[in-house]
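Student: First the structure, then my questions, so here it is.
The values are calculated or read from the model by the stated rules, or taken from the named source; none is laboratory data. Just so it is clear, the model here is predicted, and its values are computed rather than measured. Glycine also receives a Cβ, built like all others from the backbone with ideal geometry; neighbour counts cover every protein chain displayed.
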Amino acid sequence: MMEKVNSHLLQGSRKQKMSFPPRVGVLHNIRSAHNVGSMFRTADAAGFAKLYLVGYTPGPVNAQGAPRVQLTKVALGAEQMVSWEQWETAEELFAFLHRQRYFIAALEQAPGAIPYYSFAPPPRPLALVVGNEVEGIPAKLLAQSDAVVAIPMLGKKESLNVSVAFGVMAYRLAFPCGGERTEE
């Protein structure tokens, strides 16, 4: 039996102001422009304020200023809705985010990681970090994170696609208590 979706979540949801501190995404060394485009679209849908593109993560425009077609084709305009910044190193970005009082949550399959369904974000701005499709998030960045969160896997594969994992966690952050958010 399917649960009925509350109509107030669908009607005018783009105009609703959600009652949680700002959320930003940190995309560290993502190689696929398709994955980045998908995360732009998800970030917009889940109410993220910004995406930080770190290392060689491709941005919506190339070095010549032209749109990156593989990314924009998947983002479907979300790259124009979600602000973004390119950062050379994650270490510098993490230091900046910590100075801004962001709680840094790394999404990674790692020993001791908190299952995503048990993670309770603190009442302050939060940065959700995802890493490279093959290598994940480097250990030195996990050590600089305030929490490491994992999505348990029930099948034989070790992890989800990075853009899918980002989506799972982004929505867990947006709707942590059974699907409803309160309006301010």
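Student: Any idea which residue in the range 62-91 is surrounded by the fewest Cβ atoms within 10 Å (Cβ to Cβ), counting only those that are polar (S, T, N, Q) and over 8 Å from G37 (Cβ atoms)?
Tutor: Q64
Student: Could you list, in sequence order, the residues of the range 89-103 that are aliphatic (A, V, I, L, M) and more than 12 Å from V26 (Cα to Cα)?
Tutor: A95
Student: Select from the range 46-61 the residues that are of a type in the set (V, I, T) and surrounded by 20 or more Cβ atoms within 10 Å (Cβ to Cβ) and write down the one among them that is farthest from A78 (Cα to Cα).
Tutor: V54
Student: Now for a different question. Can you tell me which residue in the range 92-109 is nearest to F166 (Cα to Cα), limited to those that are of a type outside the set (S, T, Y) and in contact with a Lys or Arg (Cβ under 8 Å, 6 or more places away or on another chain)?
Tutor: Looking at residues that are of a type outside the set (S, T, Y) and in contact with a Lys or Arg (Cβ under 8 Å, 6 or more places away or on another chain), I get F103.
One line per residue, one yes/no per condition, for (1) hydroxyl-bearing (S, T, Y); (2) closer than 21 Å to P22 by Cβ; (3) out of contact with any helix residue (DSSP H, G or I) (no Cβ under 8 Å at 6 or more places or on another chain):
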| position | (1), (2), (3) |
| --- | --- |
| I104 | no, yes, no |
| A113 | no, no, yes |
| S118 | yes, no, yes |
| A139 | no, no, yes |
| L160 | no, no, no |
| G167 | no, yes, no |
| A174 | no, yes, yes |
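Student: Sticking with this structure for a sec: Could you tell me whether A75 is modelled with pLDDT of 95 or more and of a type in the set (G, A, S)?
Tutor: No, not satisfied.
Student: Moving to a separate point now. Of the residues that sit in the range 144-158 and are touching a helix residue (DSSP H, G or I) at 6+ places or on another chain (Cβ under 9 Å) and either in contact (Cβ under 8 Å) with a residue 40 or more places away in the chain or under 20 Å from H34 (Cβ atoms) (or both), which one is surrounded by the most Cβ atoms within 10 Å (Cβ to Cβ)?
Tutor: It comes out as V149.
Student: Now a separate question. Within the set of pairs 6+ apart or on separate chains, which have a first residue in the range 163-184 that is assigned to a helix (DSSP H, G or I), a second that is at pLDDT below 85, and C-beta atoms under 8 Å apart?
Tutor: Cβ pairs passing all conditions: L173/F20; A174/M18; A174/F20; A174/R181.
Student: For a quick check of your reading of the model, give me the residue pairs whose first member lies in the range 117-143 and is in a strand (DSSP E or B), whose second is of a type in the set (S, T, Y), with beta-carbon atoms closer than 7 Å and at least 6 apart or on different chains.
Tutor: Going by the 7 Å Cβ cut-off, the qualifying pairs are L126/Y102; A127/Y102; V129/S145.
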